[in-house]
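> Got a structure here, written out as structure tokens. Questions coming.
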Amino acid sequence: MKCAKCGAEIKDGEKKCPECGEKRPGYFNFIKRRQLREQETAEILEKSYIHEEDVAAAGVSGLSVRYRGKVGEELVRSGIKLGISVLFMCACIAVIAIRQYTELLDGLDTLGTAIVLLGAFLLLFGNGASVANSSYFIARLNALKKQGLGVSKINYGKNPTAVYAGNVYEVSVSDTCPKCEQPTAMHIEQVQDMLVAVCNADRNHLFRLDKAFVLNAIMESEFKRTGLPYTPIVLESAKAEEGESESRESEREEASGESAAEKTENTAQDPAPAESRSEKGEKN
Ligand SMILES: [Zn+2]
Ligand SMILES: [Zn+2]
């Protein structure tokens, strides 16, 4: 991890930056840690684009797609989870309120009261996090459902979720890291709108996943599962090449068009060769 203040490398296990002494974000400050990690990934990616453009192009090609169920079922499951968490939160608040405002728990000794209250608070916060997580998941899954076909990392710490043909899938990398000599597994991270396969051993080993390639793998797996026919999407890399050659062609056309126009101009105004004309221009 990089130091947030000076950018020096802080090794795993070290609590402070060796350069400037800035404390590394604590274990419980997972939002900050997550932000720092995303920032680091983006920086490494940028560097790898500049120095090793082929890394992104060569990429990782082994994906595994797991069918998880119908979107509706998944939404109901998450909804139930959300509901249970909310009920638990209410129960915890009720216990705390009963302790505070009634005499029902007065029979407990100090230790008993402490245990009950601590348990209630822990459950309250745990379920609060669960409610936030489930709500986020439901909202993002609904967005994917509206899209019809899409893949996105919508569950923190888990594989990306994909939606296609009203079904939910989980996508993971089945390839080992192409840069590591020892077979090392990879996981998928999302940087802005980009899916990136990251080596589990070395965070510098990054491979951009073509979204179209991922979506094709999902459609392929559905085809194998149910026989639903599909038309593969054109890969981003192929699109880029096409675009380049197109623009090159149009440049060529423009160039030839210009020269043709020049020629006609030349013949119309002055039958002399272009060279002598430019010489004349210089003299003038
Ligand atoms: Zn530092
Ligand atoms: Zn690696």
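> Among what's in region 165-188 and is touching a helix residue (DSSP H, G or I) at 6+ places or on another chain (Cβ under 9 Å) and farther than 21 Å from R208 by Cβ, pick the residue that is farthest from ligand 2 (Cβ to nearest atom).
So, considering only residues that are touching a helix residue (DSSP H, G or I) at 6+ places or on another chain (Cβ under 9 Å) and farther than 21 Å from R208 by Cβ, the one farthest from ligand 2 (Cβ to nearest atom) is G166.
> For region 122-178, what are the residues that are loosely packed, with under 15 Cβ neighbours inside 10 Å, assigned to a loop (DSSP other than H, G, I, E, B) and more than 15 Å from the chain's Cα centre (by Cα)?
Scanning region 122-178 gives G148, L149, G166, S174.
> Return the residue satisfying two criteria in turn: it lies in region 199-209 and is assigned to a loop (DSSP other than H, G, I, E, B) and at pLDDT 85 or above, and of such residues it is farthest from ligand 2 (Cβ to nearest atom).
Of everything passing the filter in region 199-209, N200 is farthest from ligand 2 (Cβ to nearest atom).
> Any residue in region 36-44 that is part of a helix (DSSP H, G or I), assigned by TED's automatic domain parsing to the domain that holds N127 and modelled with pLDDT of 75 or more?
no
> Quick one: which of V214, V191, V196 is crowded, with 16+ Cβ neighbours inside 10 Å and modelled with pLDDT under 80?
V191
> Let me ask something else. Working carefully through the options G112, G119, find the one that is more than 23 Å from V198 (Cα to Cα), open to solvent by less than 80 Å² (accessible area, probe 1.4 Å), in a helix (DSSP H, G or I) and at pLDDT 90 or above.
G119
> If the Cβ limit is 8 Å and pairs must be 6+ apart or interchain, which residue in region 143-163 that is farther than 14 Å from I218 by Cα pairs with which residue that is charged (D, E, K, R)?
From residues that are farther than 14 Å from I218 by Cα, the pairs are K153/E189; I154/R140; Y156/R34; K158/E170.
> If you check P18 against the conditions, is it modelled with pLDDT of 75 or more and either within 12 Å of ligand 1 (Cβ to nearest atom) or not assigned by TED's automatic domain parsing to the domain that holds A129 (or both)?
For P18, the condition - modelled with pLDDT of 75 or more and either within 12 Å of ligand 1 (Cβ to nearest atom) or not assigned by TED's automatic domain parsing to the domain that holds A129 (or both) - is met.
> Shifting gears a bit: Take the residues in region 217-235 that are open to solvent by less than 30 Å² (accessible area, probe 1.4 Å) and of a type in the set (A, V, I, L, M, F, W, C), then tell me which one is nearest to V151 (Cα to Cα).
My answer is I218.
The values are calculated or read from the model by the stated rules, or taken from the named source; none is laboratory data. This one's a predicted model, so the numbers in the text were calculated from it and none came from an experiment. Ideal geometry is used to build each Cβ from the backbone, glycine not excepted, and the neighbour counts take in all protein chains shown. Ligands, DNA and RNA are excluded from the accessible area calculation, which covers all protein heavy atoms including side chains. Shrake-Rupley method; radii C 1.70, N 1.55, O 1.52, S 1.80 Å.
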